[in-house]
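Here is the structure we will look at, set down as structure tokens.
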Amino acid sequence: MIGCGDISALHLGAIEDLDGIELVGVCDVDPDAAARAGEANGVPSFTDHRALLEELRPDVVHICTPHDQHVPVAIDALDAGADVLTEKPLAASLAEAERLVAHAEASAQRIGVCFQNRYNATSIAMKELLDSGRLGRVIGGSATVKWARTPEYYRAKPWRGTWENSGGGLLINQAIHTIDLLEWLLGPVSAVAGHAANHVFGDIIEVEDTAELVLTHEGGVRSVMYATNANAVNEPVSIVIAAENATLSMRGDLTVTWADGTVETVAERRLEGARAYWGASHVELIRDFYATRGSGEPFWISPREAMKPLRIPKEVYAQSPGMRG
Ligand SMILES: NC(=O)c1ccc[n+]([C@@H]2O[C@H](COP(=O)([O-])OP(=O)(O)OC[C@H]3O[C@@H](n4cnc5c(N)ncnc54)[C@H](O)[C@@H]3O)[C@@H](O)[C@H]2O)c1
């Protein structure tokens, strides 16, 4: 485990819950965080990932570092003969992301990116319905991400508010999951129009806290999205897809309303506790990553696949005055 901050808890929990996976070591550049994680898990701790790679020779490395620290760590881990599971986004910059795509595709090792919401029961149900053809012609989609982040969220981990370390704000850090789902469900995005702004955290972060965007998918279907970290509460993400034969409406659970009035629902798994908005599917993605390791195939959410949702925030920044992108 490289990077022992907030999200590492979900990875560590999954590793503990899944059979056949043994945690062998942890690393964090913050010596206190490294020591705490080492003690809590009864494994050696390191403050330099290269020392961990050399000493422990792990089979798999989980990367839970800030965005600008995904690519350098991933490349070192692949070169040390480890498979890699890295948190989203692929990188803070497109140039770094492209460097990793090239390196990964030339490597014998396998690398996956944590877009765990593709494993949500509702996402899988929507994908299956769309692929089945039962919905008829797709008319369009929409999504909202209305979450609450506090000044303390950014002050506690200042990297989250900087272009250099994070590569963006709400879009690249939070809404990227929903951007990824829209593209996965409705097809490759051929055009992006949007606007990002810093409405409420102006003196605390450089990056955006709110954005609206219009995506045109290949074939002409359009999806629209509104996302903000300035909401008062964390509401469930919503996705609506209108099609000829039914409307799919996901907000927590999925409701499928067919043209003849029939209504079906698909319940979502729930994560208990304060961070329920992260979703409950990390463990599913991690299980699948390990289960398919021997297949000889690349992991399906590969660096190349993870480039797609990274390009979209970057295009929105380029269109937004005052955003550096
Ligand atoms: N998939 C999800 O739903 C989800 C949710 C939250 C966060 N994340 C992602 O997880 C990653 C980490 O986010 P977080 O909120 O846990 O951040 P965090 O700041 O809480 O933790 C990051 C940790 O990495 C350490 N670190 C920094 N550079 C390092 C390096 N080179 N080597 C080793 N350790 C290093 C920091 O000291 C810190 O302890 C980000 O990519 C974020 O986008 C994903």
* **Failed item in (1) surrounded by fewer than 22 Cβ atoms within 10 Å (Cβ to Cβ); (2) of a type outside the set (D, E, K, R); (3) at pLDDT 95 or above; (4) at negative phi, with H70 passing the rest** => (1)
* Could you list all residues from region 47-69 that are out of contact with any Ser or Thr (no Cβ under 6 Å at 6 or more places or on another chain) and part of a helix (DSSP H, G or I)? => H49, R50, A51, L52, L53, E54, E55, L56, D68, Q69
* Could you tell me which residue of region 39-60 is surrounded by the fewest Cβ atoms within 10 Å (Cβ to Cβ), considering only residues that are away from the ligand (no atom under 11 Å from the Cβ) and among the β-branched types (V, I, T)? => V43
* Structure fact -> Among residues of region 260-281 being closer than 18 Å to E235 by Cβ and within 11 Å of the ligand (Cβ to nearest atom), the residue modelled with the highest pLDDT is A280
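Mind telling me which of the residues G13, G42, G25, G3 ends up being not β-branched (V, I, T) and not assigned by TED's automatic domain parsing to the domain that holds L100?
Working: G13 fails: not assigned by TED's automatic domain parsing to the domain that holds L100; G42 fails: not assigned by TED's automatic domain parsing to the domain that holds L100; G25 fails: not assigned by TED's automatic domain parsing to the domain that holds L100.
Exactly one of G13, G42, G25, G3 is not β-branched (V, I, T) and not assigned by TED's automatic domain parsing to the domain that holds L100, namely G3.
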* Does P72 count as closer than 27 Å to G167 by Cα, within 16 Å of the ligand (Cβ to nearest atom) and without any contact (Cβ under 8 Å) to a residue 24 or more places away in the chain? -> yes
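Does A242 meet the test of being closer than 20 Å to R137 by Cβ, of a type outside the set (D, E) and out of contact with any Phe, Trp or Tyr (no Cβ under 8 Å at 6 or more places or on another chain)?
Details: closer than 20 Å to R137 by Cβ: yes; of a type outside the set (D, E): yes; out of contact with any Phe, Trp or Tyr (no Cβ under 8 Å at 6 or more places or on another chain): yes.
Yes: the conditions hold for A242.
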* Asked: List, please: which pairs have Cβ atoms under 6 Å, are six or more places apart or on different chains, and start with a residue in region 84-112 that is surrounded by 18 or more Cβ atoms within 10 Å (Cβ to Cβ) and end with one that is assigned to a helix (DSSP H, G or I) and of a type in the set (K, R)?
  -> V101/R304
* Is it the case that A77 is out of contact with any Gly (no Cβ under 9 Å at 6 or more places or on another chain), farther than 21 Å from Q174 by Cα and surrounded by fewer than 16 Cβ atoms within 10 Å (Cβ to Cβ)? -> no
* Asked: When you go through (1) part of a loop (DSSP other than H, G, I, E, B); (2) within 10 Å of the ligand (Cβ to nearest atom); (3) crowded, with 16+ Cβ neighbours inside 10 Å; (4) not polar (S, T, N, Q) one by one for L23, which number turns out not to apply?
  -> (2)
* To do: Check every one of the helices (runs of 4 or more DSSP H) wholly within region 80-189 and list those with 3 or more residues that are at positive phi and within 16 Å of the ligand (Cβ to nearest atom).
  => none
* **region 1-20: number of residues that are farther than 11 Å from H62 by Cα and more than 9 Å from the ligand (Cβ to nearest atom)** => 7
* Structure fact -> Going through region 1-20 in order, the residues found to be outside any loop (DSSP other than H, G, I, E, B) and in contact (Cβ under 8 Å) with a residue 24 or more places away in the chain are I2, S8, L10, H11, L12, G13, A14, I15, D17
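The values are calculated or read from the model by the stated rules, or taken from the named source; none is laboratory data. Because the structure is predicted, anything quoted here is derived from the model rather than measured. Neighbour counts are summed over all protein chains in view; Cβ atoms, including those assigned to glycine, are modelled from backbone coordinates with ideal geometry.
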